[in-house]
Amino acid sequence: YCSASDATIHLIEDVVLQSDMTGVTEFDISHKLSVNLSTIKQIIANDIKIVSIKGRFIHQDAFIDWNEGAASMEDILEKLMQKNDGYVSAAQLYEYSRVEMNMFLNDNDINDERSVYEFAYHLFHKASYHDKEYQFAGNTHISRASDAVLSSFDIVQKYASDQGGVFAFKDLETYLLGLGIKVGN
């Protein structure tokens, strides 16, 4: 027995899966199934099998070597969280992922910082992969939920606190660049 809601979820998942790695938009799903756009948005927001990458939805079963990619992303994030005392920038995650997950990224056409960030967001915010959940903010910051970083200013404040409030600007600049954060003024 399948309720209308379950049937709709399965239909949406099927449309997303059929789109393979090209992905599909919410509008495309709505048009194809004649289902209300707000219903589709709600279902997609709660469905851990549907991954959002650059505004397109891809079913996790369409990814090549999903489990290996997820495990590699977990390892990278854990390593960087430990190295950076609970913080990872999108730029830093992308650089490490390009080296350690090159085959997975190439096979799945994940070829930029935003796509890597959104893949990690799916795993560790939406799906709580291996019961791990991180805080994601501004398409730039990833941190432990207990020590949320919501902006670059939060990083500067933490650095200042760790340094006892006294530090050279050049040291801060070096620290931020090491995290993959652009230093302007």
Residue-normalised accessible area of the stretch 103-179, given per residue in Å² at a 1.4 Å probe: 56
Point-to-point label distance, Asp14-Ile48, nm (Cα→Cβ direction, 7 Å offset): 2.4
Under the 0.36 nm per residue contour assumption, what length would be gained going from the current alpha-carbon distance of Lys83 and Ser5 to full extension? 23.7 nm
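By how many nm would the segment from Asp112 to Val183 grow when fully extended, if each residue of separation counts as 0.36 nm and the alpha-carbon distance is taken off? Mind dumping the intermediate values first?
Values: separation 71, 0.36 × 71 = 25.56 nm, distance 2.05 nm.
Taking Asp112 through Val183 to full extension adds about 23.5 nm, to one decimal.
Given Cα pairs under 8 Å that are at least 6 residues apart, what percent is the relative contact order of the stretch 116-175? The partial results should precede the final answer.
Working: 42 pairs, mean separation 10.4, N = 60.
Averaging sequence separation for qualifying contacts and normalising by length gives 17 percent for the stretch 116-175.
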Can you tell me, using C-alpha contacts under 8 Å and at least 6 residues apart, the relative contact order of the chain as a whole percent? 17
Counting only protein chains, not ligands or nucleic acids, how are Glu78, Glu68 ordered by accessible area (probe 1.4 Å), most first? Glu68, Glu78
Those residues of the stretch 85-102 whose amide nitrogen sits under 18 Å from the label point placed on Asp171, 7 Å along Cα→Cβ: 85
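So what is the 222 nm mean residue ellipticity for the chain from helices alone, if each DSSP H run of at least 4 adds -39500 (n - 2.57) and you divide by all residues, rounding to the nearest 500 deg cm²/dmol?
Working: 9 runs with 99 residues, N = 185.
About -16000 deg cm²/dmol.
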Roll a 1.4 angstrom probe over the protein heavy atoms and tell me the percent of accessible area of the chain that is carbon or sulfur. 50
Just subtract the alpha-carbon distance of Glu95 and Trp66 from 0.36 nm times their residue separation and send over the number in nm, one decimal. 8.5 nm
So how exposed is Thr25, as accessible area in Å² (1.4 Å probe, rounded to 10)? 40
Taking the Cα centroid of the stretch 16-95 and of the stretch 120-145, what is the distance between the two, rounded to the nearest whole Å? 12
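The values are calculated or read from the model by the stated rules, or taken from the named source; none is laboratory data. Note that the structure is predicted; figures quoted are calculated from it, not measured. All Cβ positions, even for glycine, are placed from backbone atoms using ideal geometry, and neighbour counts span all protein chains on display. Ligands, DNA and RNA are excluded from the accessible area calculation, which covers all protein heavy atoms including side chains. Shrake-Rupley method; radii C 1.70, N 1.55, O 1.52, S 1.80 Å.
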